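Novice: Got a structure for you, written out below as structure tokens; questions coming shortly.
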Amino acid sequence: MTLFELSEWIRVFLVDNLLARLFLIIALGYALGDINWGGRFRLGVSAVLFVGLAFGAWDARFEFPPIISGLGLALFVYCVGLESGPGFFQNFKSSGLKSIFALVVGLSAAFAVCWCFSYFFKFDRMIWAGVFCGSLTSTPALAAATETLRDLGEGTKTQRLVQGFGIAYPISVITLLVFLEFLMRWRKGKSISGKQPNFIYPAKTLQILNLPNGFPEWTPEIIEKNFAIKVTRYQSNGGKITLMTQPNLPLDLGAFFVAVGTPAHISALADAVGKISDIDLTAEMEGFEVHRYHVSNSQVVEIPIRELKLEVYGAIITRLRRGDIDLEVTPETKLQLGDRIRVISLKETEKETRKLFGNSMNSLSESGYASFGLGIVLGVIAGMIPFSVIGIEGTFKLGTTGGCLMMGLILGAWGRFGKVIWLIPQSNNMALRQLGILFFLASIGVQAGGGFIEVVKTDGISFLLPVVTITIVAHSVLCFVLRRFGFRSPEMWVGSCCGLHTQPAALAFASQKMDRGPIAVAYATLFPLALLIKVIMAQFFVRLFVGQG
């Protein structure tokens, strides 16, 4: 068999086998996305889009039915909403509102610049709608724009949207990374912290030599409230080591206790109570069990730890890891399915403690799909509800993309309703989210591939200046407004830029050079709202340009 014959056989095989075609594009895209360009930057999951474009250019018959991209986007945005929901509405406060205002101004500036360029460069207007989405690397915005085109009976113009997105995406990512590098170098002297890895909070033994100011004695509750430190075990004047399950238990002068927290908080507490002791109570485990459990029992989820009555079990949670992040444990902390917790308990109650939290990977893998399916149904319904914007003719819809995102945010913030838990284990969330975006990128890539190469050849270089300008203007305006509001931390600026761009690759790039903690907080603050605003702006762009050619 000649090479040409083999190529034709593969072509026919892929045309006749949708599943093989879909997962081959995904596999090749993942392989391309794992390649490091310049040692730091990877295309990541977005490489699936470019492989899809190549397949679409190879043969137009490779196109997928619309259900593939629709299913993919519904899964992706709903999972993003669920994860972002718990902290999303808390950001609508003082400093959070200021950063949100800065985000809106930055995105509005990007919209205005793109709209101006569409009049200077006489290309198909739908390409410019795709350029707007690609310049802000927002696949959900692209999905909302394509969905709006189909609703308006202009589905044939979807191809131009995706072509503009495909041209703008890589240029924008490179521009953003260069901008962040400049920003980090310029603001290096203003950094509030050096680069630090994510760490598990250490445990130290402290000795009480001083009385507290304003209180007759130290108690675990006072220490936790004032120093963000968890007191886990206690030894009074050479007596038996006890587990600290009573928050109001008085701590005697001269006594020792084990404190869990950040190094800075432990140091501050040591100065207040006395000193860090040479005696190490953490090594004394007689009568205790220390285990790590996966939270799989829905009965303990979305309930403050103080309400779990762990003192009945003679147990205490000392550490909490959610995904790749270690979180502070307080009485108000709410566990989620899939959390990994470190628990100290009495030996005789270890079995009951394990049963309380579940610790079943099988249960985790099967958890939450009833509420998950119901949530997506509610999101689809929400996306169908029309609404109007003052001063703009016609009505808008959030569509499947915006509806599922908004419903995910609401249900994620709600947490649970009676026995119904809306949140799913983070591992399940990440898997479904990744699968969804892969389906979407593969589908739209193939759909636009037919004319993509021709557009790049003839007009590709013409889009360089507009995309670079849109990207830089959006982030420069964002940082300017943040500065006017008094935010001068470079970590805040960098994290906010990554959040505006909803770009994980940029977050990973910046985290290699600065403290990930404050960057991640700023990123998480703006990410979900930036996603939602770009979805609405993309729809407006499409409606603005429909009929203008």
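Novice: Any residue that is crowded, with 16+ Cβ neighbours inside 10 Å, charged (D, E, K, R), in the same structural domain as I341 (by TED's automatic domain parsing) and in a loop (DSSP other than H, G, I, E, B) - is there at least one of those in the stretch 292-311?
Specialist: Yes, because at least one residue in the stretch 292-311 is crowded, with 16+ Cβ neighbours inside 10 Å, charged (D, E, K, R), in the same structural domain as I341 (by TED's automatic domain parsing) and in a loop (DSSP other than H, G, I, E, B).
Novice: Go through the stretch 288-317 and report how many residues are touching a Gly at 6+ places or on another chain (Cβ under 9 Å) and small (G, A, S).
Specialist: Counting residues in the stretch 288-317 that are touching a Gly at 6+ places or on another chain (Cβ under 9 Å) and small (G, A, S) gives 2.
Novice: Just the residues that are modelled with pLDDT under 85, of a type outside the set (F, W, Y) and crowded, with 16+ Cβ neighbours inside 10 Å, please, taken from the stretch 199-223.
Specialist: Selection gives A203 alone.
Novice: List the pairs whose first member sits in the stretch 238-259 and is in the same structural domain as K309 (by TED's automatic domain parsing), whose second member is in a loop (DSSP other than H, G, I, E, B) and among the β-branched types (V, I, T), and whose Cβ atoms are under 8 Å apart, counting only residues at least 6 apart or on separate chains?
Specialist: Cβ pairs passing all conditions: P247/T219; N248/T219; L249/T219; P250/T219; L251/T219; F256/I279; A259/I229.
Novice: Sticking with this one: Within the stretch 438-470, how many residues are surrounded by 17 or more Cβ atoms within 10 Å (Cβ to Cβ) and either at pLDDT 80 or above or under 30 Å from the mean Cα position of the chain (by Cα) (or both)? Break it down stepwise before answering.
Specialist: From the stretch 438-470, those surrounded by 17 or more Cβ atoms within 10 Å (Cβ to Cβ) are 438-450, 452, 455, 463, 466-470; that's our starting set.
If we keep only those that are either at pLDDT 80 or above or under 30 Å from the mean Cα position of the chain (by Cα) (or both) as well, we get 438-449, 463, 466-470.
Matching residues across the stretch 438-470 total 18.
Novice: Please specify each residue of the stretch 120-130 satisfying the condition of being in a helix (DSSP H, G or I) and either aliphatic (A, V, I, L, M) or in contact (Cβ under 8 Å) with a residue 24 or more places away in the chain (or both).
Specialist: Pass one, the stretch 120-130, residues in a helix (DSSP H, G or I): 120, 125-130.
Passing the criteria: R125, M126, I127, W128, A129, G130.
Novice: Can you spot a residue in the stretch 108-119 that is part of a loop (DSSP other than H, G, I, E, B), in the same structural domain as F387 (by TED's automatic domain parsing) and either out of contact with any Pro (no Cβ under 7 Å at 6 or more places or on another chain) or free of Cβ contacts under 8 Å to residues at least 60 places away in the same chain (or both)?
Specialist: no
Novice: E332: farther than 20 Å from K347 by Cβ and part of a loop (DSSP other than H, G, I, E, B), yes or no?
Specialist: yes
The values are calculated or read from the model by the stated rules, or taken from the named source; none is laboratory data. Because the structure is a prediction, the values reported are computed rather than measured. As a convention, Cβ positions derive from the backbone with ideal geometry for all residues, glycine included, and neighbour counts pool all protein chains shown.
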